[in-house]
Amino acid sequence: MTAVPASGTSAAQACWGQPERGSAGHYGNSGWCDSGRYRQVIRCQTLGDYRYVHYGPWVWAPEKSTAWCNLGDRVIDTWLE
């Protein structure tokens, strides 16, 4: 997982992520960093092979940002921006 540091920040930024499963069966991913501002981004895929991107909220470290796929779809890629 990679993250883009906040503007003007030259310090190294450590980030982590984890898969999420919602109570209704949604799949998603959460990410958080030790510094800066960021949001979770995921690429989802439908059973018909359609792909789309969903975004979590922008947050400041060390808050967690979570993005969810639509019900029935799966996460195929994740990153922080």
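When the range 56-70 is filtered for residues that are under 17 Å from GLN18 (Cβ atoms) and open to solvent by 80 Å² or more (accessible area, probe 1.4 Å), the ones remaining, listed by number, are PRO62, GLU63, LYS64, TRP68.
Residues that are farther than 22 Å from ALA14 by Cα and open to solvent by 10 Å² or more (accessible area, probe 1.4 Å) within the range 44-55 comprise GLN45, THR46, LEU47, GLY48, ASP49, TYR50, ARG51, TYR52, VAL53, HIS54, listed in sequence order.
Per-residue answers, yes or no, for (1) among the aromatic types (Phe, Trp, Tyr); (2) modelled with pLDDT of 95 or more; (3) not in a strand (DSSP E or B):
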position: PRO5; (1), (2), (3): no, no, yes
position: ALA11; (1), (2), (3): no, no, yes
position: TYR52; (1), (2), (3): yes, yes, no
position: GLU63; (1), (2), (3): no, yes, yes
position: ASP77; (1), (2), (3): no, yes, no
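Could you please find all residues in the range 28-55 being aromatic (Phe, Trp, Tyr) and farther than 15 Å from TRP16 by Cβ? Result: TYR50, TYR52, TYR55.
Across the range 16-43, the number of residues qualifying as assigned to a strand (DSSP E or B), touching a Gly at 6+ places or on another chain (Cβ under 9 Å), farther than 11 Å from TRP68 by Cα and open to solvent by 30 Å² or more (accessible area, probe 1.4 Å) comes to 4.
The values are calculated or read from the model by the stated rules, or taken from the named source; none is laboratory data. Model, not experiment: these values are computed from the prediction. Because the Cβ atoms are built from the backbone with ideal geometry, glycine has one as well, and the counts that use them run over all protein chains shown. Note: accessible area is taken over every heavy atom of the protein model, side chains too, but ligands, DNA and RNA are not part of it. Shrake-Rupley method; radii C 1.70, N 1.55, O 1.52, S 1.80 Å.
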